[in-house]
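Asker: One structure follows; several queries about it will come next.
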Amino acid sequence: MRRASGRQLGVAGLCRRWVLGASPYRRWALGSCAAFAVAAALCPAAGADVFEPISLLSASPFQQVEYAHDSAISENGRFVAFDGSIGGVTGVWLRELGENGAGGELVQVAGGDAELPSVSENGQYVSFTTTEGHMLAAITDDRPDTAPAAEAPNVYVRDMSKRPSEPGAFELASDLSYEYPEGGGREFEETHYGAEAAGRSALSGNGQKVAFVTTAASNLDGPGTPPLQVAVHDFETGATEPVSVAYEASSGTPASDPNTGQPLPVALVHEGDAIYGAVYAHGEPPAFAPPIQAYSVLPEIGASISADGSTVAWMGQDIDEQARILPDESVDPQYGEPLWRRIVGPDGQPSQLASTRRVTGGSDPANPPCAAHPEPMLPSQASTQDPCQGPFAVEARTGVWAGGAGETVPRLSADGYTVAFLASAPLVALGSGSGGGLSGRHADAYVADMHEGLSRTQALTPLTELAGGEETHIATNAPILSLGISADGEQVAFTTRRTVFPLGSPAYVSPPAPVPGLNELFEVDLTDDTLTRVTHGYAGGASEHPHQTVIAGEEDEYKKEEDGAQSPSLSAAGQQLVFASTASNLVYGDGNTPPLGSEATDGSDVFGVQRILFEPAPTPQYVTAAPGLSIAPLWQLGVTALSLGDGDVLLYVQAPEAGTLSALAGGPVRTRAARAPRASRHGRRKGAGARAAAVRNRTVATATVRSAAGGGLTTLLLELASGYRALAAQPGGLSATANVTFTAAGHPALHESIPVSFVRAASKRSASHVTRRARVTPRRGVRGKRRIRGKQQVPAKRTRGARR
């Protein structure tokens, strides 16, 4: 059962005090609290996610990291990986988590400049990028890397079942040779360009497939394959296959090399000093750099692979070379848009025939009504009535993603059919047409359904929306910076500094922060259609770390746009959520915060938080009579329950008329039954004998009351019997079934059963309460003596000759 929130317990406590006490508001409270309970039971609950307290994960029982970034959690929720530095030892680290968020030692996955980890479903395999691949066995020794020797960046996978020195512990995924231009900068090129994998989502669930992007010319599809290509390496087959392939408009399939018959890679397009390829790269491939710079998010490049290994997604450029567009549509090479491709056919075997599909965009040529009545290009004024119009109003040079702050890698559900991504273009449905000003917008978060038969507008679900036209206003327009999605596709997490969320769906159910501060972590539950703020200080306020006080009226206290929460990662069903953050007040005792004004390190840590799952409770439902019909009232009983938080349960019973209401609650209780006594070897009988434990159903609470004349709402208080009160304080409380019976003369008895929970909040009980609950229990080992538990306690005495 999910525990009630502090506010819920407060309301329940007031109801108990006013209804059961001698308050002048008793009559009003009876009606109001009963209405509250009935409304809570009969109305559909919003189902907003509730989270446990945040835990610090980038620490061992002995030390805390200097910094930790790029958190990733395994699908089974047992392992978390991140890159960072511990005691001056850098690299990628892994920690196994316990049931309550606690964990064991931090284990080094790879040393040196290894970064951007992704984790397999069971935590056995971890992928990462490094420039010290040939030295991994030597530098993964829990000691500082004092003599780094860089080579081309490459993607590796560590098998955590093997020691670093064992053969097969490190396997090269990007097993390619690279080509570099001649000239004075060749040495720099050779150590900064090669292949890179995105953090959190580059590894399949079984750890056998890795998606990566080339940042240098390579032999991926033969000598001279241009950079900025998406590829997947399969350790089971040993093959490295290109995923980003050229599109042939005449056939609607990947274009083939006439000499080899293999799919053609996407050619580079040069515009001045900028180059554009299959993957969005801000005009040039980013140079590899470890994440050691304080308060910054380095340029990211990469692709995501689904957990089942069937699908790959990336933020693309040069869109008309990779996917279907309208015949005369004008799309510049730098136009950015998320792309999606299945690499496994219906038979589960690798497939090279599947074409690359657009996740979303300014046009939707694959929409069946558009295909039936094709348009050469979109009209100048975007319209939702146009079947060829996509969800977004775009410009030819900017597209769906126009750059700016925020990660570019789309994230995939386990089956690949749900895509979470960021987009900065406005939606056509909001009345935004094409024109100037689109390139300066900040990013919002979306999910798209890639199943066949949906238009791109039907497939799109917006998760956030700008709340105003002033881009510099942080509360309403701050960018969404990073996001993650659960394997089941039902939970999406993202980070932002926004405090205003105007969309009614998903409904924002958390109290907003009073002013924008650090980037906070938010979670969307697509099943419940709710948006919840996850991060907060351990004292209840906003996320913070030491900062300069601003002038009154000035909004921005933090000058770094990326400062705060980043890199959210979710377990399979979104039950566990990990993230990195530079905040210093999320967990009490966070001790790596740098002094104010210091930028030697950012003090970032990796944190974890668990969702609390509520169990659904059945509620009575019936249809009222049609207007104008006179029928006898229904002879039925309605019962709802409210856990008061002090170990008792308040029942609200809707009785049809005056009569007697009785309630009995029974639940599973662990008991001990005495076994038969055994004789000693001297023939004498032993005392009580051993006692065996058993779980039996016991009556734990009862109540009886008369309902008022004419029926109506009546309350019954189920107080746990004294022998069972301690069970309410155990985790989850005592679950029971309340059986309510109503009897009235001349009518058949009515019966109703509902589940209830006797829960007592963890708090110190007052001496007077203990005295009221005092009871007498026998003291073992002392004849004729009894001890009083409660206000008075008689000290145990030993008498000469007393039996032990």
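Asker: Taking the stretch 339-356, which residues are closer than 24 Å to PRO387 by Cβ and surrounded by fewer than 20 Cβ atoms within 10 Å (Cβ to Cβ)?
Answerer: Matches in the stretch 339-356: SER355 only.
Asker: Continuing with this model, one more query. State the number of residues belonging to the stretch 155-172 that are in contact (Cβ under 8 Å) with a residue 24 or more places away in the chain, farther than 17 Å from GLY207 by Cα and either polar (S, T, N, Q) or surrounded by fewer than 17 Cβ atoms within 10 Å (Cβ to Cβ) (or both). Lay out the reasoning, then the answer.
Answerer: As a first pass, look at the stretch 155-172 and keep what is in contact (Cβ under 8 Å) with a residue 24 or more places away in the chain: 155-161, 164-165, 169-172.
Pick out the ones that are also farther than 17 Å from GLY207 by Cα and you get 164-165.
Within this subset, residues satisfying the condition of being either polar (S, T, N, Q) or surrounded by fewer than 17 Cβ atoms within 10 Å (Cβ to Cβ) (or both) are 165.
Residues in the stretch 155-172 being in contact (Cβ under 8 Å) with a residue 24 or more places away in the chain, farther than 17 Å from GLY207 by Cα and either polar (S, T, N, Q) or surrounded by fewer than 17 Cβ atoms within 10 Å (Cβ to Cβ) (or both): 1 in total.
Asker: Oh, and also: Specify the residue that is nearest to PHE501 (Cα to Cα); the eligible residues are those in the stretch 442-452 that are part of a loop (DSSP other than H, G, I, E, B) and in contact (Cβ under 8 Å) with a residue 40 or more places away in the chain. Can you show your working first?
Answerer: So in the stretch 442-452, the residues part of a loop (DSSP other than H, G, I, E, B) come out as 442-443, 450-452.
Those left that are additionally in contact (Cβ under 8 Å) with a residue 40 or more places away in the chain: 443, 450.
Details: ALA443: 13, MET450: 26 Å.
Restricting to residues being part of a loop (DSSP other than H, G, I, E, B) and in contact (Cβ under 8 Å) with a residue 40 or more places away in the chain, the top hit is ALA443.
Asker: What pairs can you find where one residue is in the stretch 388-411 and within 24 Å of LYS560 (Cβ to Cβ) and assigned by TED's automatic domain parsing to the domain that holds GLY199, the other is of a type in the set (A, V, I, L, M, F, W, C) and assigned to a loop (DSSP other than H, G, I, E, B), and their Cβ atoms are less than 7 Å apart, with a gap of 6+ or different chains?
Answerer: ALA402/ALA425; GLY404/ALA443; GLY406/ALA443; VAL409/ALA198; VAL409/ALA303
Asker: Restricting the search to the stretch 392-408, which residues are buried (at least 18 other Cβ atoms within 10 Å of the Cβ) and farther than 18 Å from VAL524 by Cβ? I'd like the intermediate steps shown before the answer.
Answerer: We begin by selecting, within the stretch 392-408, every residue buried (at least 18 other Cβ atoms within 10 Å of the Cβ); these are 392-395, 398-402, 406-408.
Of everything in the stretch 392-408, those that are buried (at least 18 other Cβ atoms within 10 Å of the Cβ) and farther than 18 Å from VAL524 by Cβ turn out to be PHE392, ALA393, VAL394, GLU395, THR398, GLY399, VAL400, TRP401, ALA402, THR408.
Asker: Within the stretch 174-214, how many residues turn out to be within 30 Å of GLY489 (Cα to Cα) and part of a loop (DSSP other than H, G, I, E, B)? Break it down into steps so the answer makes sense when it comes.
Answerer: So in the stretch 174-214, the residues within 30 Å of GLY489 (Cα to Cα) come out as 174, 195-214.
After this cut, where a residue has to be part of a loop (DSSP other than H, G, I, E, B) as well, the list is 174, 197-202, 204-208.
Qualifying residue count, the stretch 174-214: 12.
Asker: Give the residue that is modelled with the highest pLDDT, with candidates limited to residues of the stretch 339-372 that are among the charged types (D, E, K, R) and assigned to a loop (DSSP other than H, G, I, E, B). Spell out the reasoning first.
Answerer: Start the filter on the stretch 339-372 by keeping residues that are among the charged types (D, E, K, R), which leaves 341-342, 347, 357-358, 364.
If we keep only those that are assigned to a loop (DSSP other than H, G, I, E, B) as well, we get 347, 364.
On the way: ASP347: 76, ASP364: 95.
Selected residue: ASP364.
Asker: Right, something else. Report, by residue number, each residue of the stretch 115-139 that is within 23 Å of ALA211 (Cβ to Cβ), without any contact (Cβ under 8 Å) to a residue 40 or more places away in the chain and touching a strand residue (DSSP E or B) at 6+ places or on another chain (Cβ under 7 Å).
Answerer: THR130, GLY133, LEU136
Asker: In the stretch 328-338, what residues are in a loop (DSSP other than H, G, I, E, B) and either loosely packed, with under 13 Cβ neighbours inside 10 Å or in contact with a Lys or Arg (Cβ under 7 Å, 6 or more places away or on another chain) (or both)? Please lay out each step first, then the result.
Answerer: Restricting attention to the stretch 328-338, the residues satisfying the condition of being in a loop (DSSP other than H, G, I, E, B) are 328-335.
Hits for the stretch 328-338 are ASP328, ASP332, GLN334, TYR335.
Asker: Kindly indicate whether any position in the stretch 239-257 is touching a Ser or Thr at 6+ places or on another chain (Cβ under 7 Å), over 16 Å from GLU196 (Cβ atoms) and in a loop (DSSP other than H, G, I, E, B).
Answerer: Within the stretch 239-257 (the criterion being touching a Ser or Thr at 6+ places or on another chain (Cβ under 7 Å), over 16 Å from GLU196 (Cβ atoms) and in a loop (DSSP other than H, G, I, E, B)), the answer is yes, since at least one residue qualifies.
Asker: Search the stretch 254-288 for residues being of a type in the set (S, T, N, Q) and exposed (fewer than 15 other Cβ atoms within 10 Å of the Cβ), and hand back the single one that is modelled with the highest pLDDT. Full working, then the answer.
Answerer: To start, the set of residues in the stretch 254-288 that are of a type in the set (S, T, N, Q) comprises 256, 259-260, 262.
Imposing the further condition that a residue be exposed (fewer than 15 other Cβ atoms within 10 Å of the Cβ) reduces the set to 259-260.
Details: ASN259: 78, THR260: 75.
Among those that are of a type in the set (S, T, N, Q) and exposed (fewer than 15 other Cβ atoms within 10 Å of the Cβ), it is ASN259.
Asker: Do we have any residue at all in the stretch 375-390 that's closer than 30 Å to LYS209 by Cα and touching a Leu at 6+ places or on another chain (Cβ under 9 Å)? Walk me through it before giving the result.
Answerer: Going through the stretch 375-390, the residues closer than 30 Å to LYS209 by Cα turn out to be none.
No; the residues of the stretch 375-390 include none that is closer than 30 Å to LYS209 by Cα and touching a Leu at 6+ places or on another chain (Cβ under 9 Å).
Asker: Exactly one condition in (1) in contact with a Phe, Trp or Tyr (Cβ under 8 Å, 6 or more places away or on another chain); (2) farther than 27 Å from PRO290 by Cβ; (3) at pLDDT 95 or above is false for ASP234; which is it?
Answerer: In the conditions (1) in contact with a Phe, Trp or Tyr (Cβ under 8 Å, 6 or more places away or on another chain); (2) farther than 27 Å from PRO290 by Cβ; (3) at pLDDT 95 or above, ASP234 misses (1) alone.
Asker: Can you list the strands (runs of 3 or more DSSP E) lying wholly within the stretch 689-783 that have 1 or more residues being modelled with pLDDT under 75 and surrounded by 12 or more Cβ atoms within 10 Å (Cβ to Cβ)?
Answerer: On the way: elements: 691-707, 712-718, 734-743, 750-758, 775-778.
Ranges flagged: none.
Asker: What are the residue pairs meeting all of these: first residue in the stretch 709-722, first residue within 15 Å of THR660 (Cβ to Cβ), second residue modelled with pLDDT of 80 or more and surrounded by fewer than 17 Cβ atoms within 10 Å (Cβ to Cβ), Cβ atoms under 6 Å, and 6 or more apart or on different chains?
Answerer: That search, which allows pairs on different chains as well, returns ALA709/ALA658; GLY711/GLU657; LEU716/VAL705.
Asker: Ok, one more. What are the residues in the stretch 156-179 that are touching a helix residue (DSSP H, G or I) at 6+ places or on another chain (Cβ under 8 Å) and either over 27 Å from VAL230 (Cα atoms) or modelled with pLDDT under 95 (or both), if any?
Answerer: Within the stretch 156-179, PRO164, SER165 qualify.
Asker: Can you tell me which of GLY207, GLY222 is more than 20 Å from HIS134 (Cα to Cα), surrounded by 21 or more Cβ atoms within 10 Å (Cβ to Cβ) and out of contact with any Gly (no Cβ under 6 Å at 6 or more places or on another chain)?
Answerer: Working: GLY222 fails: surrounded by 21 or more Cβ atoms within 10 Å (Cβ to Cβ).
Matching residue, one of GLY207, GLY222: GLY207.
Asker: Do we find that PHE235 is among the aromatic types (Phe, Trp, Tyr), in the same structural domain as GLY261 (by TED's automatic domain parsing) and either under 35 Å from the mean Cα position of the chain (by Cα) or under 22 Å from SER74 (Cα atoms) (or both) in this structure?
Answerer: Details: among the aromatic types (Phe, Trp, Tyr): yes; in the same structural domain as GLY261 (by TED's automatic domain parsing): yes; either under 35 Å from the mean Cα position of the chain (by Cα) or under 22 Å from SER74 (Cα atoms) (or both): yes.
The answer is yes for PHE235.
Asker: Now, a different point. Let me confirm something: among THR476, THR472, THR461, which residue is in a strand (DSSP E or B), polar (S, T, N, Q) and either crowded, with 16+ Cβ neighbours inside 10 Å or modelled with pLDDT under 95 (or both)?
Answerer: Working: THR476 fails: in a strand (DSSP E or B); THR472 fails: in a strand (DSSP E or B).
Among THR476, THR472, THR461, only THR461 is in a strand (DSSP E or B), polar (S, T, N, Q) and either crowded, with 16+ Cβ neighbours inside 10 Å or modelled with pLDDT under 95 (or both).
Asker: In the stretch 367-415, how many are of a type in the set (A, V, I, L, M) and within 23 Å of TYR276 (Cβ to Cβ)?
Answerer: Taking the stretch 367-415 first, the residues of a type in the set (A, V, I, L, M) are 371-372, 377-378, 382, 393-394, 396, 400, 402, 405, 409, 412, 414.
Add one more test, that the residue is within 23 Å of TYR276 (Cβ to Cβ), and what stays is 377-378, 393-394, 396, 400, 402, 405, 409.
Selection size over the stretch 367-415: 9.
Asker: Out of the residues in the stretch 70-87 that are farther than 12 Å from SER569 by Cβ and either aliphatic (A, V, I, L, M) or modelled with pLDDT of 90 or more (or both), state the one that is surrounded by the most Cβ atoms within 10 Å (Cβ to Cβ).
Answerer: Of the residues in the stretch 70-87, the ones farther than 12 Å from SER569 by Cβ are 76, 78, 83-87.
This time we only want the ones that are either aliphatic (A, V, I, L, M) or modelled with pLDDT of 90 or more (or both), so: 76, 78, 83-86.
Numbers: ASN76: 16, ARG78: 19, ASP83: 30, GLY84: 26, SER85: 19, ILE86: 21.
Looking at residues that are farther than 12 Å from SER569 by Cβ and either aliphatic (A, V, I, L, M) or modelled with pLDDT of 90 or more (or both), I get ASP83.
Asker: Regarding the stretch 378-386, can at least one residue be identified that is crowded, with 19+ Cβ neighbours inside 10 Å, under 29 Å from THR129 (Cα atoms) and of a type in the set (A, V, I, L, M, F, W, C)? Lay out the reasoning, then the answer.
Answerer: The first filter runs over the stretch 378-386 and keeps only residues crowded, with 19+ Cβ neighbours inside 10 Å, leaving 378, 382.
Right, trim to under 29 Å from THR129 (Cα atoms) and you get none.
Within the stretch 378-386, none of the residues are crowded, with 19+ Cβ neighbours inside 10 Å, under 29 Å from THR129 (Cα atoms) and of a type in the set (A, V, I, L, M, F, W, C).
The values are calculated or read from the model by the stated rules, or taken from the named source; none is laboratory data. All values reported here derive from a predicted model rather than from experimental measurement. Methodologically, a virtual Cβ is constructed for each residue, glycine included, from the backbone with ideal geometry; neighbour enumeration extends over all protein chains shown.
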